1. Suppose we filter L119, L126 for residues that are of a type in the set (A, V, I, L, M), surrounded by fewer than 14 Cβ atoms within 10 Å (Cβ to Cβ), modelled with pLDDT of 95 or more and closer than 18 Å to G95 by Cα; which single one remains?
2. Where the second residue is assigned to a helix (DSSP H, G or I) and open to solvent by 50 Å² or more (accessible area, probe 1.4 Å) and the first is away from the ligand (no atom under 16 Å from the Cβ) and β-branched (V, I, T) and lies in segment 79-105, which pairs have Cβ atoms under 6 Å and are six or more apart or on separate chains?
3. What are the residues in segment 117-163 that are farther than 30 Å from G206 by Cβ and aliphatic (A, V, I, L, M), if any?
4. Does G17 fit the bill of being within 12 Å of the ligand (Cβ to nearest atom), farther than 27 Å from A196 by Cα and part of a loop (DSSP other than H, G, I, E, B)?
5. Restricting segment 189-206 to residues that are crowded, with 16+ Cβ neighbours inside 10 Å and assigned to a strand (DSSP E or B), which is modelled with the lowest pLDDT?
6. Give segment 149-169 a look and list any residue that's surrounded by 16 or more Cβ atoms within 10 Å (Cβ to Cβ) and away from the ligand (no atom under 15 Å from the Cβ), or say none.
7. What number of residues within segment 106-137 are within 16 Å of the chain's Cα centre (by Cα) and more than 16 Å from the ligand (Cβ to nearest atom)?
Amino acid sequence: MVDLMTAKKRVGVLISGRGTNLQALIDAAKTRDYPAEIVVVISNAPGVQGLARAEAAGIPVRVVNHKDFATRELFEAELDAALNQAGVELLCNAGFMRLLTESFVTRWLNRHLNIHPSLLPAFKGLDTHARVLQSGARITGCTVHFVRAAMDEGPIVAQAAVPVDPGDTEEGLAARVLEAEHRLYPHALRLVASGAVRVEGEHVMGMTQQNGQFAVFSPPLPRTL
Ligand code: GRF
């Protein structure tokens, strides 16, 4: 019998590369009380390290190579079919490097997360760490947010701050932010998969513990973040 209170959310993960954030989610999902299980990992690029990580964890993998499709819409239709076939309820981008159309984003609205290596809304897009260093910012970090059609936009679930050290290199900063990402993503997915937060009016809201009413919610960041 399925216990509805403890049923784990079925999660699909989209990747394009090495998959270290995927690994962090795989490791978190091994915990008995984690509210999500990864049921499929899909890569748009064949042969990437993330696929090997999923296989090593016994998770079904699919390659949906965008180069095999004449249009973005056809690529996304295949992606969508693979996700539905696996019974995916929640979707996580983890280093997924394809822009998605409004139509796909709408189909997965508020059931679709992304991680970005900056404190959004600052430093959207690529070459984030180089631009942070160039700007002279003293604090950067990472963000998990719900996906919207515009790149790196959408209601913010959780963030972690990382100080920029004097003399930091792009590689050094990227490595420290990545460590924070590996703590943040499992935390944010837990909040969403457990139903502790949801999107209301383009903000992430949480259930107050006192009376069951929804109120503006600032997701608590564990000290370890
Ligand atoms: C991460 O920095 C993530 O924030 C960004 O792409 C990178 C993916 O790294 N979107 P990995 O594939 O998870 O190791």
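1. L126
2. From segment 79-105, the pairs are T101/R72.
3. L126, A130, L133
4. So G17 passes the test.
5. Residue satisfying both the conditions and the ranking: G206.
6. If the condition is that a residue be surrounded by 16 or more Cβ atoms within 10 Å (Cβ to Cβ) and away from the ligand (no atom under 15 Å from the Cβ), then P155, V164, D168 are the ones that fit.
7. Here the count works out to 4.
Residue-by-condition table, conditions (1) in a helix (DSSP H, G or I); (2) open to solvent by 20 Å² or more (accessible area, probe 1.4 Å); (3) of a type in the set (K, R):
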| site | (1), (2), (3) |
| --- | --- |
| A7 | no, yes, no |
| L22 | yes, no, no |
| L25 | yes, no, no |
| F75 | yes, no, no |
| S103 | yes, yes, no |
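The values are calculated or read from the model by the stated rules, or taken from the named source; none is laboratory data. This one's a predicted model, so the numbers in the text were calculated from it and none came from an experiment. Ideal geometry is used to build each Cβ from the backbone, glycine not excepted, and the neighbour counts take in all protein chains shown. These accessible areas exclude ligands, DNA and RNA; they are computed on the full protein's heavy atoms, side chains included. Shrake-Rupley method; radii C 1.70, N 1.55, O 1.52, S 1.80 Å.
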